[in-house]
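Okay, structure first, notes after.
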Amino acid sequence: MAVIALDLGGTKLAGALASRRGLIGSAAATQLEGRKGNEVGVLIEEQTTRLLAAARQRKIKITALAISVPGISRRRQSTVWAPNIPGWENYPLQRRLQKLLGQSIPVQVESDRACYILGECWRGVTRGCRNAIFLAVGTGIGAGILIDGRVLRGAADIAGAIGWMALDRPYRPEYDACGCFEYHASGEGLGKVARSLAPERLNTARDVFAAANADPAARQVIEEAIQFWGMAVANLTSLFNPEKIVLGGGIFGPAKKFLPRIYAAAAAWAQPIAIRQMKLCASQLGGLAGLHGAAWLALEAERTKRDG
């Protein structure tokens with residue numbers, strides 16, 4: 001027996017089969033290539049159908065499916081809000097997949113940030129933790145928060161939208177679209193700050209990291225980002241008292257080497273006892289964290305159905 005795990009991002013869709021031992025084989029990824037609305041739903045259905053066929057070929061029975069989505073999974077309404085996918089303001093993804101698979105195969109839809117921390121707790125650096133946070137810094141910023149062994153979701157499934165954390169003042173109109181923290185310290189944010197300082201040389205986060213050793217403007221962007229990341233880690237530590245905070249997403253990658261400095265910045269702001277017992281880590285699963293988290297959710301859905 002196995003489950004289907006899917007990880008939808010702003011630019012690609014990844015999928016794999018999984019068992020209790022982990023992912024089965026390598027994950028397959030398909031680029032969205034500008035798809036929007038129902039076109040993305042069709043792509044997900046096609047990927048699901050391919051994985052079902054692969055399972056049949058290997059004589060594996062599929063018992064559940066879960067998908068990680070880049071936004072808010074509204075569990076009560078069974079819909080998804082995904083700001084990077086046009087037409088997904090209230091998309092009925094769960095119902096579409098349930099119709100495709102039939103009622104005998106449970107379908108779970110969860111936010112990517114929740115899947116990141118669940119994946120790390122299942123197969124990554126936070127195994128054994130009951131209180132841990134995954135701070136995902138990529139194009140945007142989000143946080144998957146595990147408290148007493150359960151994902152924190154909030155009243156409307158929006159908990160973890162940490163890109164909106166207020167870390168600077170005064171308020172600026174630029175924060176309207178994405179929030180203060182994300183504006184300054186996400187992948188897109190680093191590019192924006194860099195362009196404001198040296199538009200002739202720096203345009204993207206990649207430019208900033210490539211030029212950091214020689215370019216004063218690039219160094220300034222990174223120094224400011226380290227302070228923002230440190231303040232966010234401090235606030236999360238003081239609020240939730242986690243055992244570990246994991247830094248992941250595309251930026252940690254190249255920013256992984258700054259973890260000691262981020263911890264030092266956090267230690268200046270955080271509750272002193274909490275920060276001393278908190279370990280700051282880089283993601284062990286990297287780009288596969290969301291897929292592992294989806295796999296764990298599907299396996300739990302299968303177990304709940306079997307035991308219930």
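Descriptive notes on the structure:
- Pick from region 182-239, criterion open to solvent by 10 Å² or more (accessible area, probe 1.4 Å), aliphatic (A, V, I, L, M) and over 30 Å from R276 (Cβ atoms), ranking: nearest to the chain's Cα centre (by Cα): A205
- Of K244, K305, all but one fail to be closer than 24 Å to R21 by Cα and touching a Cys at 6+ places or on another chain (Cβ under 9 Å); the exception is K244.
- Odd one out for R113, checked against (1) among the basic types (K, R); (2) outside any loop (DSSP other than H, G, I, E, B); (3) over 18 Å from the mean Cα position of the chain (by Cα): (3)
- Tabulated pairs, region 207-223, first touching a residue at least 40 places away in the same chain (Cβ under 8 Å), second buried (at least 19 other Cβ atoms within 10 Å of the Cβ), C-beta under 9 angstrom, 6+ apart or interchain: F209/L190; F209/A218; F209/I222; F209/I251; F209/G253; F209/A255
- Scanning region 241-259 for residues that are more than 19 Å from the chain's Cα centre (by Cα) and not charged (D, E, K, R) yields a total of 2.
- Number of positions in region 100-142 that are under 18 Å from S238 (Cα atoms), out of contact with any Lys or Arg (no Cβ under 6 Å at 6 or more places or on another chain) and of a type in the set (G, A, S): 0
- Among the residues of region 145-182, those that are aromatic (F, W, Y) and touching a residue at least 12 places away in the same chain (Cβ under 8 Å) comprise W164, F181.
- Matching strands (runs of 3 or more DSSP E) fully within region 1-58 where at least 2 residues are open to solvent by 20 Å² or more (accessible area, probe 1.4 Å): 12-19, 22-31
- The criterion of being outside any loop (DSSP other than H, G, I, E, B) and modelled with pLDDT of 95 or more holds for A143.
- Of all residues in region 59-84, those being open to solvent by 20 Å² or more (accessible area, probe 1.4 Å), in contact with an Asp or Glu (Cβ under 8 Å, 6 or more places away or on another chain) and closer than 19 Å to G138 by Cα number 1.
- From the list A234, A266, A282, the one residue that fits, being modelled with pLDDT of 95 or more, touching a Lys or Arg at 6+ places or on another chain (Cβ under 7 Å), closer than 18 Å to I141 by Cβ and of a type outside the set (D, E), is A282.
- Applying the criterion of at least 1 residues that are within 18 Å of G144 (Cα to Cα) and in contact (Cβ under 8 Å) with a residue 12 or more places away in the chain to the helices (runs of 4 or more DSSP H) found wholly in region 226-308 leaves 289-307.
- If you check K279, K244, K256 for being crowded, with 19+ Cβ neighbours inside 10 Å and within 29 Å of E110 (Cβ to Cβ), only one passes: K244.
- Filter pass, L97 being in contact (Cβ under 8 Å) with a residue 40 or more places away in the chain and part of a helix (DSSP H, G or I): yes
The values are calculated or read from the model by the stated rules, or taken from the named source; none is laboratory data. These figures come from a predicted structure and were not determined experimentally. Virtual Cβ from ideal backbone geometry, glycine too; neighbours counted across all protein chains shown. Protein only, heavy atoms only, side chains kept; ligands, DNA and RNA dropped before computing areas. Shrake-Rupley method; radii C 1.70, N 1.55, O 1.52, S 1.80 Å.
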